[in-house]
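Below: the structure, in structure tokens.
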Amino acid sequence: MRMITLYQFEISPFCDKTRRALTYKGLEFEVKEMLFSQEAENLKVSPTHKFPVIDRGGDRLADSTDIAYYLEEKYPEPPLCPADPASRAHMHIIEDWADESLFPYDLAMRGLWEHNIPLLIDDIFKYETPELQKMFAETVPDGIRQQLIAAGLGRKDKKAILNDVRRHLEAVNALIQANSWLVADHLSYADIAVAAMFFVINRAEEGAAMLDEFPMIRKWQERVDELTL
């Protein structure tokens, strides 16, 4: 079997998705942690600057979603994609929703609200030198703020953001109530994608408190973690 190397930023939920998929499929892999300060090296690994990246015996692929489908093709057991086309489509929609809708709320809660920023900086730059950590702490929050303002989310107040997050959690809770997993009768990539986003949302004080209001989601997350960590 070809050796798999995962190039990642550890705290990234997108990299977490790929680690979980590799683990669930029982694949051995080597992890190489990238550093934000080593821009030239990052571009060598991923010219598009998209991470995670996996290298499988010289075959290199970026983007957590593309990697998921690649792994499913090369290592179909145990499956992460439902066999039924409608369920597979449902999985794709939820996975994309997690990436495009849930992730900005993680950035908002941890990057806009002052009391959460120190932990965000520690998480993102834990492998950098103390000097670089200090520099990033002074510049990164404003970059996140400008990104979120451009996307519209940064113009919402805290109450509106928390109301949005609650609606997302209520939707996930309803899906779990109806069916133990988000899509199929087994763990799928939809579960992995949402669980990875909830992991980082839980790192925000408000996110953790809100998740505690949904014990069914907490138990579902534990089941996902048992299979993928």
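The values are calculated or read from the model by the stated rules, or taken from the named source; none is laboratory data. As the structure is a prediction and not an experimental result, all values here were calculated from the model. Don't worry about glycine lacking a Cβ; one is built from the backbone with ideal geometry, like all the others, and counts go over all protein chains shown.
Worth pointing out:
- Subset of region 57-89 (residues that are surrounded by 12 or more Cβ atoms within 10 Å (Cβ to Cβ), in a strand (DSSP E or B) and either out of contact with any helix residue (DSSP H, G or I) (no Cβ under 6 Å at 6 or more places or on another chain) or of a type in the set (Asp, Glu) (or both)): ARG60, ALA62
- Residue in region 179-191 that is among the small types (Gly, Ala, Ser) and within 18 Å of the chain's Cα centre (by Cα) present: yes
- Close pairs (6 angstrom Cβ cut-off, 6 or more residues apart or separate chains): part of a helix (DSSP H, G or I) in region 18-43, among the hydroxyl-bearing types (Ser, Thr, Tyr) anywhere: THR18/SER64; ARG20/THR228; THR23/THR228; TYR24/THR228
- Matching residues, region 121-159, being modelled with pLDDT of 90 or more, not in a helix (DSSP H, G or I) and not hydroxyl-bearing (Ser, Thr, Tyr): PHE125, LYS126, GLU128, LYS156, ASP157
Yes or no, residue by residue, for (1) surrounded by 12 or more Cβ atoms within 10 Å (Cβ to Cβ); (2) of a type in the set (A, V, I, L, M, F, W, C); (3) assigned by TED's automatic domain parsing to the domain that holds ARG20:
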position: ASP123; (1), (2), (3): yes, no, no
position: GLU138; (1), (2), (3): no, no, no
position: ARG145; (1), (2), (3): yes, no, no
position: ASP157; (1), (2), (3): no, no, no
position: ALA160; (1), (2), (3): no, yes, no
position: VAL165; (1), (2), (3): yes, yes, no
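- When ARG60, ARG20 are checked against the criterion of being among the basic types (Lys, Arg) and out of contact with any Leu (no Cβ under 9 Å at 6 or more places or on another chain), ARG60 stands alone in meeting it.
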